[in-house]
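What follows draws every value from the coordinates through simple rules; no lab data is involved. Only a predicted model underlies this, so the values are computations on that prediction, with no experimental measurement involved. When we count neighbours, we look across all protein chains shown, and the Cβ atoms used for this are built from the backbone with ideal geometry, even at glycine.
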Amino acid sequence: MAILPDNRTLSAPLAGISDPVYCSWALRYGAGLVFSGMVCAEGIRRRSAKTLALLDFPENIRPLGIQLFDDDPSAVFEAAQYVEGLGVDLIDINLGCPAKKVFRKGAGVQLMGDPKAAEAVVKAAVSAVSIPVSAKIRTGINDAEAFREVIPRLADAGATFITLHARTRKQALSGSADWSKIAEAVEISPVPIVGNGDVASADGALSMIRETGCAAVMIGRGSLGNPWVFAEVSGALTGGEIPLPPSDEQRLSACARYVAELGDFYGDDRAGKIARKHVGWFTKGMADARKIRAKAYSMDKASEIVEFLSNFQTEKEQHAG
Ligand SMILES: Cc1cc2nc3c(=O)[nH]c(=O)nc-3n(C[C@H](O)[C@H](O)[C@H](O)COP(=O)(O)O)c2cc1C
């Protein structure tokens with residue numbers, strides 16, 4: 001099944017961020033496939049309420065991949081079946097998370113050090129469901145070697161495509177992604193490789209595809225407070241229009257709408273807390289960023305933040321006038 005979108009523009013799984021609101025914005029602005037943050041397969045198997053809440057995506061958020069992490073193939077098997085029952089389009093297996101909690105369990109990027117275990121986990125998901133299963137990997141643990149052995153095994157296990165975040169575990173998110181490893185992965189992989197790491201613009205996406213030959217690009221941090229990046233990248237990769245960057249006014253009003261949607265989804269109080277980081281991202285580089293953040297961060301409810309952001313521009317214009 002062809003799951004990679006024609007516009008070759010994917011949003012990244014971002015734990016604590018790529019919730020239904022984020023994914024809905026990514027899709028609206030042009031991402032062709034979106035992902036949940038990583039969800040613990042064992043938690044799904046145990047029907048942990050906290051874990052199941054991470055799967056609560058409305059049916060209009062499609063095409064959607066749910067990302068699972070675990071080192072236990074039987075947990076992945078059961079979780080994959082549960083997730084398929086939700087009617088999503090894809091299951092992605094996390095073999096890249098460097099977080100201690102995940103790593104100690106033997107899951108996430110730890111699986112890059114054990115290609116057989118990595119293969120078993122992906123195979124478990126593939127054998128459990130009829131929807132496609134993909135995998136997201138790093139180049140390795142301490143050095144950028146393991147991907148060469150892991151990629152053919154994951155392809156054998158039935159992964160429909162493999163996303164390579166071109167950093168090692170040791171690098172976490174520091175330094176730059178080594179795109180030459182993506183080019184190498186493309187050479188050796190029997191299945192399409194999605195390139196990931198440091199793409200934050202149309203030019204970046206075009207360069208990554210030109211330099212590596214990857215089948216699609218995945219964008220994470222470059223989309224924080226910046227859903228416009230998906231329109232830019234999608235435009236560039238389809239030979240279509242590349243929209244102009246948004247003005248500060250457009251960014252503030254988008255931020256207000258984003259926070260309002262967080263309020264609708266999470267409720268006013270919880271959304272008020274979640275909104276803070278998004279206000280920080282949406283206002284990055286703005287002349288009034290400090291003022292806006294200080295005020296918004298002092299507010300508890302999403303609705304207060306929405307009102308403040310909506311009025312900020314009008315009041316500024318009135319003062320200027
Ligand atoms: C806050 C945050 C949360 C992340 N959560 C996940 C996750 O749940 N699963 C995953 O595979 N990668 C996760 N990542 C890694 C990203 O998907 C991506 O591989 C990485 O940020 C590099 O891409 P970028 O340069 O476009 O951001 C996370 C990254 C960040 C910054």
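At what distance in angstrom do the alpha carbon centres of region 201-265 and region 1-74 lie from each other? Cα centroid to Cα centroid, the span is 18 Å. Think of the chain as a dipole: +1 on every Lys or Arg Cβ, -1 on every Asp or Glu Cβ, centred on the Cα centre; then among Gly37, Ile188, Leu244, Gly37 lies furthest on the positive end. The dipole here belongs to the chain: it is taken about the Cα centre, uses +1 on the Cβ of Lys and Arg and -1 on the Cβ of Asp and Glu, and is about 920 debye.
Within the chain, antiparallel bridges make up roughly 0 percent of the DSSP beta bridges whose residues both belong there.
Principal-axis analysis of the Cα atoms of the chain puts helix 115-128 at an angle of about 80° to the longest axis. Compactness check for the chain: Cα Rg over 2.2 N^0.38 Å is 1.01. What's the FRET efficiency of Gln250 with Tyr297 using the Cβ-Cβ distance as r and R₀ = 25 Å, to the nearest 0.05? Efficiency for this residue pair is about 0.70.
Overall, the anisotropy analysis places region 248-314 in the prolate class: the square-rooted eigenvalues a ≥ b ≥ c of its C-alpha gyration tensor yield a/c not less than 1.5, with a/b exceeding b/c.
Net length available on complete extension from Asp156 to Leu86 is 22.6 nm, with 0.36 nm assigned per residue and the Cα-Cα distance removed. Note on Arg62 and Met286: the model spin-label points, each 7 Å out from Cα along the C-beta direction, lie 3.5 nm apart. Straightening the chain between Glu145 and Arg46 buys 32.1 nm, computed as 0.36 nm per residue apart minus the Cα-Cα spacing. Using a cut-off of 23 Å between Cα atoms, the listed pairs Lys105/Lys277; Lys277/Lys301; Lys100/Lys295; Lys100/Lys136; Lys101/Lys136; Lys50/Lys295 include Lys105/Lys277; Lys100/Lys295; Lys50/Lys295 as exceeding that distance. Shape call for region 186-321 from the C-alpha gyration tensor, a ≥ b ≥ c root eigenvalues: rounded (a/c under 1.5), prolate (a/b greater than b/c) or oblate? Taking the square roots of the gyration eigenvalues as a ≥ b ≥ c, region 186-321 is prolate. Candidates Ala124, Ile162, Ile141 compared by Cα position along the dipole of region 88-191: farthest toward the positive end lies Ile141, with charges placed on Cβ. Amide H contacts under 5 Å for Leu90: Leu64, Ile66, restricted to partners 5 or more places along the chain or on a different chain, H placed in the peptide plane at 1.01 Å from N.
In terms of surrounding Cβ atoms within a 10 Å radius of their Cβ, Arg28, Arg153 rank from fewest to most as Arg28, Arg153.
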